[in-house]
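Trainee: Mind looking over this structure? Questions follow.
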Amino acid sequence: MSRALSLTASALLLALPALAAHAAPAMSAGEYVAKLGDCAACHTSETSKPLAGGKGFPTPIGTVFATNITPDKTHGIGNYSLPEFIKVMREGVARDGHRLYPAMPYTAYAKMSDKDLEDLYHHLMKEVQPLAIANKESDIPWPLNMRWPLMGWNWIYHDDSRFTPVAGKSEQWNRGAYLVQGAGHCGSCHTPRGLGMQENALTEADPLYLSGATLDGWYAPDIRGSRYSQQALIDLLKTGRSQHQAVAGPMAEVITHSSQYFSDADLASIATYLTDLKDEPLAEQGARAYASASGKADYAMYCSTCHGVNGQGNDHVIPSLVGNQTVLADDPASLLNVLLYGAETPITQGHIGYHMPGYGWALNDEQVAGLVNTLRASWGNDGVAIKPTTVKAQRALHE
């Protein structure tokens, strides 16, 4: 559930059963764990070369490239023993002793059970085609590219303890907690980070956990509590759309590569866990948006054909803009990306994705800001106003 963001609001055990027990019949236990962990989304840069690495991930100090995790013995992980594999998954320490950047979410994978990691290991070693493709070095400059300081980072920020069931909660709730905190690594995108780029919270015990965060120019929304219904969460994770919502941006990749393959039982567990978390009040920041005449005119020209004059959209197809969390989020990054550059919904087993065109070519910064403010102030919406400078800054991220 990594890199999570949606067009709409984007984008698990008392005696924890292994994920293998929930695996879909069409795949092995280890392949199912790989789907839950979303391995392909990060470690595949070309569809013809699955899990061979090469995909870049920007950080504040440079770009980190995902590695080859096929069983190739020269460039991949073919020489890893099971204990060495578990060590890299839980501690971020590679076979040769070098430390991984925490862009690889070993901070979450540490919570996974031995059985699940063993199943994943056997899948990668026996069921994945070895590909002799060399890894790319990061472009992080010296001395920032030295790895030894990561030992201190781990000592300060990393907790490598296993998932512990919460007493008094149901097996389903704990299953959901296990998946969200562990293999799903949802906090990697949806939890705000601190000065050390660490996640500011790792479990539901802290109200910051899953409370929303900006990453790579997108806003991963708050997914705690009643902001989504259980059915909406299940539908979004399975198909990329629900009755009133649709997913775009990085979260669409998560659904395409990962969550659409989750079993119904696991989807229900995740929804049970997330909707049970305590809602935290949204921060009130800045002046309230207002609907301008020019914003209404641009909405009528560019948006109303699909979303309707009343912003209601079309159930299960076009998301509603009424009460839409991405529309109302104080951080407008995801909304601006969709308006400026368009959006693609996920292609899943049950649904063909659809494309929303972007209008950054047609609307200047003042017009986009006026349209955003109109969306945030119409049909009962009550969002924070943005300025044209915010739109300009968002464009600059893509230049």
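Trainee: Where does the stretch 286-342 land on Rg/Rh, using Cα atoms and the Kirkwood Rh?
Mentor: Checking Rg against Rh, the ratio lands at 0.95.
Trainee: Here's something else I'd like to know. List residues of the stretch 119-155, by number, whose backbone nitrogen lies under 16 Å from a label position 7 Å along Cα→C-beta of residue 197.
Mentor: Counting only backbone N, you get 137-155.
Trainee: Limiting things to C-alpha atoms, what are the Rg and the maximum Cα-Cα separation (Dmax) for the chain, in angstroms?
Mentor: Reported Rg and Dmax, both Å: 21.2, 65.
Trainee: Would you work out which of 42, 290, 273 lies farthest towards the positive end of the dipole of the chain? Charges go on Cβ: Lys and Arg +1, Asp and Glu -1.
Mentor: After comparing all options, I get 42.
Trainee: Determine how many Å³ per residue the convex hull of the Cα atoms of the stretch 220-345 encloses. Could the numbers behind the result be given before it?
Mentor: On the way: hull volume 13.6 nm³, N = 126.
Value for the stretch 220-345: 108 Å³ per residue.
Trainee: Say the dipole of the chain comes from +1 at the beta carbon of Lys and Arg and -1 at that of Asp and Glu; which of 380, 86, 351 then lies farthest toward its positive end?
Mentor: Going by the charge dipole, the pick is 86.
Trainee: Within 10 Å, count the other beta carbons around each residue, average over each peptide in 311-318, 135-142, and list them highest first. Spell out each step's value before the answer.
Mentor: Working: 311-318: 15.9, 135-142: 12.9.
Per-residue Cβ counts within 10 Å, averaged per peptide and sorted highest first, yield 311-318, 135-142.
Trainee: Next question, about the same structure. Quick one: putting +1 on the C-beta of Lys and Arg, -1 on the C-beta of Asp and Glu, what dipole do you get for the stretch 255-320 around its Cα centre, in Debye to the nearest 20?
Mentor: Computed charge dipole of the stretch 255-320: roughly 360 debye.
Trainee: So what is the calculated 222 nm ellipticity per residue for the chain, using -39500 (n - 2.57) for each DSSP H run with n of 4 or more, over all residues, to the nearest 500 deg cm²/dmol?
Mentor: Helices in the chain give a 222 nm mean residue ellipticity of -10000 deg cm²/dmol.
Trainee: Which residue, chosen from 254, 333, 207, occupies the Cα position most advanced towards the positive end of the dipole of the chain, where the dipole is computed from +1 (Lys, Arg) and -1 (Asp, Glu) charges on Cβ about the Cα centre?
Mentor: Of the options given, the answer is 333.
Trainee: Accessible area per residue for the chain in Å², computed with a 1.4 Å probe and the full protein assembly in place, what is it?
Mentor: I get 45 Å² per residue for the chain.
Trainee: Let me ask you something else. Can you give the net charge of the other residues whose Cβ lies under 15 Å from the Cβ of residue 145, counting K and R as +1 and D and E as -1? Don't jump to the answer; show the numbers that get you there.
Mentor: On the way: positive: 99, 136, 147; negative: 137, 139.
Around residue 145, the surrounding residues sum to +1.
Trainee: For residue 53, which sequence-distant residues (separation of 5 or more, or a different chain) have an amide H within less than 5 Å of its own amide H, given hydrogens modelled in the peptide plane?
Mentor: Here the answer is 44, 45, 69, since their amide H atoms fall under 5 Å of that of residue 53.
Trainee: I need the Debye-formula profile for the stretch 278-399: one equal scatterer per C-alpha, no solvent, reported as log10 I(q)/I(0) at q = 0.10, 0.16, 0.19, 0.21 1/Å, two decimals.
Mentor: -0.30, -0.78, -1.08, -1.28
Trainee: Output the relative contact order of the stretch 218-369, whole-number percent, from Cα pairs under 8 angstrom with separation of 6+ residues.
Mentor: Values: 194 pairs, mean separation 46.8, N = 152.
Computed over the stretch 218-369, the figure is 31 percent.
Trainee: Pop a pseudo-label 7 angstrom from the Cα along the beta-carbon direction at both residue 206 and residue 364 and give the gap in nm to one decimal.
Mentor: Using points 7 Å along Cα→Cβ, the separation is 4.5 nm.
Trainee: May I pose another question? Determine the dipole magnitude for the stretch 239-398: charges of +1 sit on the beta-carbon of Lys and Arg, -1 on that of Asp and Glu, nothing else is charged, the reference point is the Cα centre, and the result goes in debye to the nearest 20. Don't jump to the answer; show the numbers that get you there.
Mentor: Numbers: 8 positive and 15 negative charges, 105 e Å.
Roughly 500 debye, rounded to the nearest 20.
Trainee: Here's something else I'd like to know. So, with +1 on the Cβ of K and R and -1 on the Cβ of D and E, and no other charges, what is the size of the charge dipole of the chain about its Cα centre, to the nearest 20 debye?
Mentor: 240
Trainee: Tell me, what is the percent relative contact order of the stretch 301-399, built from C-alpha pairs under 8 Å that lie six or more residues apart?
Mentor: 24
Trainee: Quick check for you: which residues of the stretch 356-389 have the amide N under 15 Å from the point 7 Å beyond the Cα of residue 279 toward its beta carbon?
Mentor: Zone members listed by number: 382.
Trainee: Could you state, as a whole-number percent, how many of the C-alpha pairs of the stretch 232-290 are farther apart than 20 Å? Each step should come with its number before you reach the end.
Mentor: Values: 705 of 1711 pairs.
Counting pairs separated by more than 20 Å, the tail of P(r) holds 41 percent.
Trainee: A follow-up question, please. Could you look at the chain and say what percent of its accessible area is carbon and sulfur, using a 1.4 Å probe and all protein chains?
Mentor: Here carbon and sulfur together make up 57 percent of the probe-accessible area.
Trainee: Could I ask something else about it? Straight-line reach from residue 296: which lysines fall under 22 Å, measuring Cα to Cα and dropping same-chain residues less than 8 apart?
Mentor: Filter leaves 387, 392.
The values are calculated or read from the model by the stated rules, or taken from the named source; none is laboratory data. This structure is a prediction, so every number in the text was calculated from the model and none was measured. Heads up, the Cβs are rebuilt from the backbone with ideal geometry, glycines too, and the neighbour counts pull from every protein chain shown. The area values use the complete protein model at the heavy-atom level, side chains included, leaving out ligands, DNA and RNA. Shrake-Rupley method; radii C 1.70, N 1.55, O 1.52, S 1.80 Å.
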